[in-house]
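The values are calculated or read from the model by the stated rules, or taken from the named source; none is laboratory data. None of these values were measured; they are calculated from a predicted model. Note: ideal-geometry Cβ built from the backbone for every residue, glycine included; neighbour counts use all protein chains shown.
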Amino acid sequence: MSKDSSLTRNFCIIAHIDHGKSTLADRFIEKAKLGVTRGPAQSQILDNMDIERERGITIKSQAVTIPYTAKDGKTYELNLVDTPGHVDFSYEVSRAISSCEGALLLVDASQGVEAQTIANLYMAVEHNLTVIPVINKIDLASADIPACLHQIDHDLGLDTDLTVQVSAKTGVGVDELFESIVTNIEPPQGSDAAPLQALIFDSHYDAYRGVIVHCRVVEGVMKVGDEITFMHSDASYKLEEVGIFQLGLVKTGELHYGDVGYCVAGVKTISDIRVGDTITSVINPAKSPLPGFKDVKPVVFSSIYPVDTNDYEELNDAIERLKLNDASLIYEKDSSAALGFGFRCGFLGMLHLEVVQERIEREFNLSIVFTSPSVSYIVHMRNGDVLHIDNPLTYPEPMQVEYAEEPYIRANVITPTQYVGPIITLCMEKRGVQTGMNYLDEKRVELVYDMPLAEVLFDFYDRLKSISRGYASFDYEVNGYKKTDLVRMDILVNGEPVDALSQLVFRGNSQKRGRQVCSRLVGEIPRQQFKIAIQAAIGGTIVSRETINAYRKDVTAKCYGGDIGRKRKLLDKQKEGKKRMKMVGNVEIPQGAFLAVLKSDETSS
Ligand SMILES: Nc1nc2c(ncn2[C@@H]2O[C@H](COP(=O)(O)OP(=O)(O)OP(=O)(O)O)[C@@H](O)[C@H]2O)c(=O)[nH]1
């Protein structure tokens, strides 16, 4: 069956975090009457992971196909991709952009243009997308539409005549936006007769159907029954199911050039599927694969271990399946003296790490431990060797090290002028060096800093938000390495080093960091039947020490009398808690302790 692809429009919604992408996607879906009715309490339709709903943020890009009958009387097929806004997930945005011809760039009418608005615009322009500027939240009393129009023209260099004003909350302006999409975004180019080329931009695992591949057909047609090849892995399968995304998967039997949809091919070996790979047909193969995506560069590394060492195989399966749905997760096998076998993983930021932790625990029901996250250092050895080290445990003896270098970022902060002072203080505290300060207009300043990545990872973002009451925004890119004075700090619990808690730190920060970690561990490790000494050591020198006194926790002490049922419940609860403990020597360390020691040091500075 042939299809009129001139009626197809592929576009994504991009914006700074919280400017209303998911809310706008909801309005589109509602207007298209795909059959959902939404209770007032339910949050975004496309944010279907629990973590997304709870945190109110989009983590995954989601595609949906919506029919729209335009004023010209024709029914168009709109493929919309909702994207995340947080800087850790910009890889998701870049992949969504590759499957579209156009982008709606949302600007919150009360906040104006922010750091990720600009970063996302660059990405869209790089991929030659038609960008429609959209001012959202015009219903707010604090909306300043003239200022937004000025910024769209002045900061973004976009056409204000093309700008559509909407309220994703009330639905005002959404019809105009539909018309603008149909008129201004080009239909896809290609041909049904050409050999099949479909770009894999995502995938997920379904317990019944196996791997579901998300793809954009660039050339040709894919039909149920066709033999296909994944060009990178050179693995061939037969297509069992083909369809589009609506509020679930809807079978269509075929996808034509320009379409966005999914296919199922009974894939048994998960590693055959690679995001960025091209699907082609076995009988009429394309000559070459599509360009695919840039390789992801993780910036923070940490190891994951199962709390119960018997769960290693399950953890292996879980990570493999998670990788299907999170192409930016990088991992390899690892082992530790205290924790047994696990995986060394690379993440795009701390939020990404937290999301992976939560997804493994929730979607696969596994208890896991993360080791201290670290950036990747370049270590120049006295013997001339150059090593890349991201694991404190593999850091060489200080005697053998000539010098070390750490990764630096170029950070762009956009802030209202009144917060400039405290932000400069924060950046200096984080060893930042100012390289630029531009007044965007009377009210807003852009600050540019060179800063060590390691300083930014842990709590920079939260502190920036709190000192600017949420108004400052931040974006960064890694831009090289600089010489640093690095030491390895070990944490000893009753004299035993806990390798999972070792960290590489800047010497100037090491005393403070040591004190912080020790005092935080005191709050995390429950009292046990004996005294526990917690020490931070650099080389042979102890830089900090804390003690946890002995105590036997009797959780049933509060239950006077004979309510045996209640006693049992409490004991069960305690047992459940123990499952999440890790033995180090003779000390039980709860899983939470491993992550808690790395959390924001706001309170102590
Ligand atoms: N008043 C008003 N609030 C809106 C409008 N659109 C979105 N919001 C609110 O703004 C907040 C953020 O909206 P989201 O749709 O989650 O933003 P997002 O851009 O998808 O966020 P991320 O995916 O996390 O980047 C929510 O509390 C919405 O209810 C609007 O038009 N008017």
Q.
Kindly evaluate residue 47 against the criterion of being modelled with pLDDT of 85 or more and among the acidic types (Asp, Glu).
A. no
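Quick one: which strands (runs of 3 or more DSSP E) lie wholly within segment 415-512 and hold at least 2 residues that are of a type in the set (A, V, I, L, M)?
Counting at least 2 such residues, we get 433-439, 444-452, 486-493, 503-506.
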Q) When you go through (1) near the ligand (Cβ under 10 Å from one of its atoms); (2) out of contact with any strand residue (DSSP E or B) (no Cβ under 6 Å at 6 or more places or on another chain); (3) farther than 19 Å from residue 10 by Cα one by one for residue 118, which number turns out not to apply? A) (1)
Q: Restricting attention to segment 323-366, report how many residues are touching a helix residue (DSSP H, G or I) at 6+ places or on another chain (Cβ under 7 Å), assigned to a loop (DSSP other than H, G, I, E, B) and surrounded by fewer than 17 Cβ atoms within 10 Å (Cβ to Cβ).
A: 1
**Q.** Qualifying positions in segment 539-555 - basic (Lys, Arg) and modelled with pLDDT of 80 or more
**A.** 545
Q: Test residue 414 against the criterion of being farther than 28 Å from residue 335 by Cα, of a type in the set (A, V, I, L, M) and either under 26 Å from the mean Cα position of the chain (by Cα) or not assigned by the TED database to the domain that holds residue 88 (or both), and give yes or no.
A: yes
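Restricting attention to segment 438-458, does a residue exist that is at positive phi and not acidic (Asp, Glu)?
No, because not a single residue in segment 438-458 is at positive phi and not acidic (Asp, Glu).
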Q) Among the residues of segment 126-137, is there at least one that is without any contact (Cβ under 8 Å) to a residue 40 or more places away in the chain, over 21 Å from residue 30 (Cβ atoms) and either within 16 Å of the ligand (Cβ to nearest atom) or charged (D, E, K, R) (or both)? A) yes
Q) Here are 61, 99: which of them is at pLDDT below 90, of a type in the set (S, T, N, Q), more than 15 Å from the ligand (Cβ to nearest atom) and on the phi < 0 side of the Ramachandran plot? A) 99
